[in-house]
Amino acid sequence: MKRRDFLKLAILTLSGISIKPFAHLFTKPAFADISIQRTNKGLPRWAMVVNLSICGKKDGCTDCIDACNRIHNIPRITNPKHAVKWIWNAPFDRVFREQSFDNMNEGLRKKSVLVLCNHCENPPCVSVCPTKATWKREDGIVMMDYHRCIGCRYCIAACPYGARSFNWKDPRPYIKEIDKGFPTRTQGVVEKCNFCEERIAKNLLPACVEACREGGLIFGDVNKEDSEVRKILSTRLSIRRKPHLGTEPKVYYIL
Amino acid sequence: MYDRGKIITGIIIFLVLLFIPFLYNFITGKATYVPEPVIGTSEKECVESKVFMRTDHMKLLDEWKETVVRHGVRNYKARNGKTYTIDITGTCMECHTDKEKFCDRCHNYAGVEPKCWNCHVYKKVAGR
Amino acid sequence: MVEKALKGTKRYWTWIGFLLFLILIGFVSYLFQLKEGLGITGMGRDISWGLYIANFTFFVGVAASAVMVVLPYYLHSFVQFGRITILGEFLAVAAVVITVLFIVVDLGQPSRVFNILLYPSFSSLLFWDMVVLSGYLFLNLFSGWYTLDAEDKEEPPLRWVKPLILISIPWAISIHTVTAFIFSGLSARPFWLTAILAPRFLASAFASGPSLLILLCYVLKKFTKFDAGKEAIQKVALIVTYAMLINFFFLLVELFTVFYSAIPDHKGHFIYLFLGSNGTGMLSVFMWFSVALSICSLVLLIRPETRKNESLLPWICGMVLVSIWIEKGLALLIPGFIPTPLHDIASYVPTLPEVFITLGVYGLGGLIITGLFKIAIEVQKAKEKGI
């Protein structure tokens, strides 16, 4: 074979491979059909309200964080560089720096504020992901597909809230007791809060909301007019993190 | 042909190296070895037929993965009319409890290393 | 033509051996990283891109800068660039390979890299970067190789080579623009969120790439009989001068907007870059070093006597190279992450395995340059003998 013919063949082969993504359009799965029951009738829009006047009343309370860590198999890595966080506390003047100033109420300024993935309406992490490993579901939850993530960490750079964690090493040795109800993650993928979509599917509240006995966390469907979140948001002043970026967070804070 | 000696010796060495595994298996009798996975359950039927599961379980699992993660659908309607919860830990491993004897025996034989268990949990891991 | 790279002096093979040694070290370190995860690097949850992506950015610039010799030669028939153009194209080839490798070694799950093709996302700049970089690689490889092949066979170049070369000119601009867009489109990182980033990237690219080319020409002149020609080198030096000036101007423009508008979110990153914070000021030392080198090289480049001084020019080019490697490398990346979205300060120091992997990638790039340059030089040597 001449070299030129070889090159031609090679290029043809390569362009053939590029058809692969569309191949599934022509093939059918060999097994029974999967009835995809999309809930198109009145799609929910999940949202959470953190009531800062209740949250933190019990000193050093971490019930919600512990519950999340436990059921999602979050590794407990002591090196802060490699820490994995889905929901955690940060001081008010860090979370809401644009709302903090010198002479403000000192208690509020240093108050611990619960932070987690905001499940933005316009999530920057989703537009930057090169493989659609993170995407926005029809009900607004920003999901992660750990099977597909290549670990480029572009989403971490794009998230204005620092809500994403990378598995810098194998997380398994750092999980005290593995919960069978949820998979762990593997080395080299990005993870974050999933609004407990696995619990929502079973009509359960997110673990953090359920764990908060003081009622400081309220979760629900903002598309439902009679939902509690909707009522709170329409009657009380709430703030969101970095609203000027236009990401439209769905985690709201009331003071 | 230039360097005839070198080329022919090279080809012979290459062929010998190529056939060593075949020879090895032939002499040691390993060529006839068939792995014997332990099903680990008295249940009569699986999610799909035995033949299908044997040849296509990886395709089923791949489809399951897509359905749950990407479409949020957690039920699988099998051809026998029953509905199963899509859950590798809760559904598959509930019957096939022994991963080493069920999964690994064939996978080791076939030289495949599925990455399922890097994340998904089976009893032993959860119990430790 | 490949056989031309396989015959060489002892010194040539010693050099190849050295590069292979670097590659080996890098490869072993990479195996270690594959096993243990990216945790063996200095990166972490706050500074999640480091040395690899810094080098990626820098070498996209080097790749794009080939256009600075291709354009005058092919569009303006600037004949003095006859011998240097092919080197520019081959340097671009090696630089693109380097950038791709830096992306791959930065991935947490490199075995899944083809997911970018299997599930392409057109809204991701990383997808488009892959498209433009691979396109650029083939454009330069084919146009360089077939131009040389035709020279070797003493035939006129193939018909389709010229269009490829012409396409490669705007394409070069595109690769660095898209690379800048990776950063400048992120609302989360005000440090990068500036329209001047792409122009700045191009300006610094057209200073650093040609500087590297000049240095390589000096090396070739010293160790082989290849001489790119004094006039060509001086013209490239002039390009470096203008590019360097424009780059410095762009930096000042950026500083003006940031500090005059005084928006805290934007200012914070620059304050961290230039002054450090709470004793974590290693990066600012580097940045000031870069600025100092920048100014020194500018003074020396602008004065014709010093620019035309052939024993001084390689030093100036070295200064430009180091200055820009810092400026658009770590000094571009780290302040983008710090202060963090939660206004924290974190620090980053590359680890030894990380440095080894980086050296390994350099080694592989060096090997490609060496091979391609060797072929180019042998072809031109044979041609001159023929005349």
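The values are calculated or read from the model by the stated rules, or taken from the named source; none is laboratory data. Computed from a predicted model, the values in this text were never measured in an experiment. Positions of Cβ are generated from backbone atoms using ideal geometry, with glycine treated the same way; all protein chains shown enter the neighbour counts. Heads up: the accessible areas ignore ligands, DNA and RNA and are worked out on the full protein's heavy atoms, side chains in. Shrake-Rupley method; radii C 1.70, N 1.55, O 1.52, S 1.80 Å.
Could you tell me whether any residue of region C:78-100 is of a type outside the set (S, T, N, Q), within 14 Å of another protein chain (Cβ to nearest Cβ), open to solvent by 40 Å² or more (accessible area, probe 1.4 Å) and assigned to a helix (DSSP H, G or I)? The answer is yes; a qualifying residue exists. Here's a check for you: in region A:75-99, which residue that is outside any loop (DSSP other than H, G, I, E, B) and more than 18 Å from residue A:164 (Cβ to Cβ) is nearest to the other protein chains (Cβ to nearest Cβ)? In this case the residue turns out to be A:97. Scanning region A:153-182 for residues that are of a type in the set (Lys, Arg) and more than 7 Å from every other protein chain (Cβ to nearest Cβ) yields A:164, A:172, A:176.
Restricted to region B:54-78, and to residues there that are of a type in the set (A, V, I, L, M, F, W, C) and more than 10 Å from chain A (Cβ to nearest Cβ), the residue that is farthest from the chain's Cα centre (by Cα) is B:61. Any residue at all in region B:79-98 that's part of a loop (DSSP other than H, G, I, E, B), more than 19 Å from residue B:48 (Cβ to Cβ) and more than 7 Å from chain A (Cβ to nearest Cβ)? Looking for residues that are part of a loop (DSSP other than H, G, I, E, B), more than 19 Å from residue B:48 (Cβ to Cβ) and more than 7 Å from chain A (Cβ to nearest Cβ), one finds at least one in region B:79-98, hence yes. Residues in region A:100-142 that are more than 10 Å from chain C (Cβ to nearest Cβ) and part of a helix (DSSP H, G or I): A:106, A:107, A:108, A:109.
Among the numbered conditions (1) small (Gly, Ala, Ser); (2) under 30 Å from residue C:43 (Cα atoms); (3) more than 14 Å from chain A (Cβ to nearest Cβ), the only one that residue C:346 does not meet is (3).
For residue B:108, the test of being part of a loop (DSSP other than H, G, I, E, B), over 30 Å from residue A:139 (Cα atoms) and among the polar types (S, T, N, Q) is failed. The set of residues in region C:142-160 that are surrounded by fewer than 18 Cβ atoms within 10 Å (Cβ to Cβ), without any contact (Cβ under 8 Å) to a residue 60 or more places away in the chain and not hydroxyl-bearing (Ser, Thr, Tyr) comprises C:150, C:153, C:155, C:156, C:157, C:158, C:159, C:160. One residue stands out in region B:14-60 among those that are β-branched (Val, Ile, Thr) and either open to solvent by 100 Å² or more (accessible area, probe 1.4 Å) or not in a helix (DSSP H, G or I) (or both): the one that is farthest from residue B:123 (Cα to Cα), namely B:27.
For region A:66-83, name all the residues that are more than 19 Å from residue C:339 (Cα to Cα) and buried (at least 20 other Cβ atoms within 10 Å of the Cβ). Selection gives A:68, A:69, A:72, A:73, A:74, A:75, A:77. Residues in region C:101-132 that are farther than 20 Å from residue C:183 by Cα and more than 7 Å from chain A (Cβ to nearest Cβ): C:110, C:111, C:114.
Every condition in (1) open to solvent by 10 Å² or more (accessible area, probe 1.4 Å); (2) within 17 Å of residue A:253 (Cα to Cα); (3) β-branched (Val, Ile, Thr) holds for residue A:200 except the one numbered (2). Here region C:323-343 is the region considered, the condition is being facing another protein chain (nearest Cβ under 9 Å) and touching a residue at least 12 places away in the same chain (Cβ under 8 Å), and the residue that is surrounded by the fewest Cβ atoms within 10 Å (Cβ to Cβ) is C:340. For region B:111-122, filtered to residues that are more than 18 Å from residue A:179 (Cβ to Cβ) and without any contact (Cβ under 8 Å) to a residue 40 or more places away in the chain, the residue that is nearest to the other protein chains (Cβ to nearest Cβ) is B:115.
Within region B:99-110, if we keep just the residues that are open to solvent by 50 Å² or more (accessible area, probe 1.4 Å) and of a type in the set (D, E, K, R), the residue that is nearest to the other protein chains (Cβ to nearest Cβ) turns out to be B:100. Checking each residue in region C:11-64 for being facing chain A (nearest Cβ under 10 Å), in contact with a helix residue (DSSP H, G or I) (Cβ under 7 Å, 6 or more places away or on another chain) and of a type in the set (A, V, I, L, M) picks out C:40, C:47, C:53. So which residues in region B:61-88 are under 30 Å from residue A:140 (Cβ atoms) and open to solvent by 70 Å² or more (accessible area, probe 1.4 Å)? Across region B:61-88, the qualifying residues are B:62, B:71, B:77, B:83, B:85.
Cβ-Cβ contacts under 9 Å between residues 6 or more apart (or on different chains), taken from a first residue in region A:160-176 that is at negative phi to a second residue that is among the acidic types (Asp, Glu) and surrounded by 20 or more Cβ atoms within 10 Å (Cβ to Cβ), are listed as A:164/A:191; A:165/A:191; A:166/A:191; A:167/A:191; A:171/A:191. Filtering A:124, A:183 for residues that are closer than 22 Å to residue C:190 by Cβ, in contact (Cβ under 8 Å) with a residue 60 or more places away in the chain and either of a type outside the set (Lys, Arg) or open to solvent by 40 Å² or more (accessible area, probe 1.4 Å) (or both) leaves a single hit, A:124. Per this entry, residue B:51 is not counted among residues that are within 12 Å of another protein chain (Cβ to nearest Cβ), touching a residue at least 40 places away in the same chain (Cβ under 8 Å) and not basic (Lys, Arg).
Looking across C:52, C:30, C:73, one residue alone is assigned to a helix (DSSP H, G or I), open to solvent by 30 Å² or more (accessible area, probe 1.4 Å) and touching a Ser or Thr at 6+ places or on another chain (Cβ under 8 Å). It is C:73.
Restricted to helices (runs of 4 or more DSSP H) entirely inside region A:143-245, those with at least 3 residues that are of a type outside the set (D, E, K, R) and closer than 30 Å to residue C:130 by Cβ are A:154-158. Scanning region C:344-382 for residues that are surrounded by 17 or more Cβ atoms within 10 Å (Cβ to Cβ) and acidic (Asp, Glu), we see that the one that is farthest from residue C:66 (Cα to Cα) is C:354.
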